[in-house]
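First comes the structure, then the notes that go with it.
The values are calculated or read from the model by the stated rules, or taken from the named source; none is laboratory data. Just so you know, these numbers come straight off a predicted model, no measurement behind them. Neighbour counts are summed over all protein chains in view; Cβ atoms, including those assigned to glycine, are modelled from backbone coordinates with ideal geometry.
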Amino acid sequence: MLTVDQLAKKLGIEIAEPKDRKKKVASILKKMNTYLKYTNFNFSFVKGDHERWAYTVLFSFPRHTLHCFDEGQYAVVVKKFYKNLLGLYVEIAYPDTDMAVRRKKIKEVEEDAGLYKEFLLWANSPESVEKKKQIYISDFVAVFGRFPEGWAQEELESANGTEVAPAPEEFISPETDGAVNMDDPAV
């Protein structure tokens, strides 16, 4: 639960009249919900402690929405994506090597700080972004059985590179040690 004032502050709403602020918050929440396919939510206004009017927002989430935030499944996606992204990096960095040599190179990259840093720089660069995006979508679909919210099947099938890839802007960062940015709404 959040108050209308708390939500207004988070949403950047600067309306002085409380009833108008409440209407604006409701309109934004309704609009947000129209863009969501898998992570919908319900909300209602209730009286909070020491409130004269119903200015507290109570959120509720359908079971299918809660399923979308299963941390165990996201951990599987992250691990799978990391493994496949590292494999792609080695394939690109060492193009004329067979699978046995690539497996050794993957271990080298994971164990050598300098090579690992090069991998992270590549992972966060726009280089091969379409392939990175395809790997992420494939891994997400393999685990969740659906496309990530806001990403369409055509994006997986297209490799023309003409569209700008949606968030996450950075697939892996040194700060998250291989994790996908979970604050990203597309994830």
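Tabulated results
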read-out: When residues of segment 113-152 are limited to those that are assigned to a helix (DSSP H, G or I) and among the small types (Gly, Ala, Ser), the one surrounded by the most Cβ atoms within 10 Å (Cβ to Cβ); value: ALA123
read-out: Close pairs (8 angstrom Cβ cut-off, 6 or more residues apart or separate chains): touching a residue at least 60 places away in the same chain (Cβ under 8 Å) in segment 11-38, among the β-branched types (Val, Ile, Thr) anywhere; value: TYR38/THR65
read-out: Failed criterion for LYS105 (all others in (1) loosely packed, with under 12 Cβ neighbours inside 10 Å; (2) of a type in the set (Lys, Arg); (3) assigned by TED's automatic domain parsing to the domain that holds ILE137 hold); value: (1)
read-out: Given (1) more than 27 Å from PHE140 (Cβ to Cβ); (2) free of Cβ contacts under 8 Å to residues at least 24 places away in the same chain, number of the condition ARG63 does not satisfy; value: (1)
read-out: Verdict on ALA75 being surrounded by fewer than 16 Cβ atoms within 10 Å (Cβ to Cβ) and modelled with pLDDT of 90 or more; value: no
read-out: From the options ASN84, ASN40, residue that is within 21 Å of the chain's Cα centre (by Cα), outside the structural domain of VAL141 (by TED's automatic domain parsing) and surrounded by 14 or more Cβ atoms within 10 Å (Cβ to Cβ); value: ASN40
read-out: Criterion violated by PHE41 - all others in (1) touching a Phe, Trp or Tyr at 6+ places or on another chain (Cβ under 8 Å); (2) hydrophobic (A, V, I, L, M, F, W, C); (3) over 15 Å from LEU2 (Cα atoms) satisfied; value: (3)
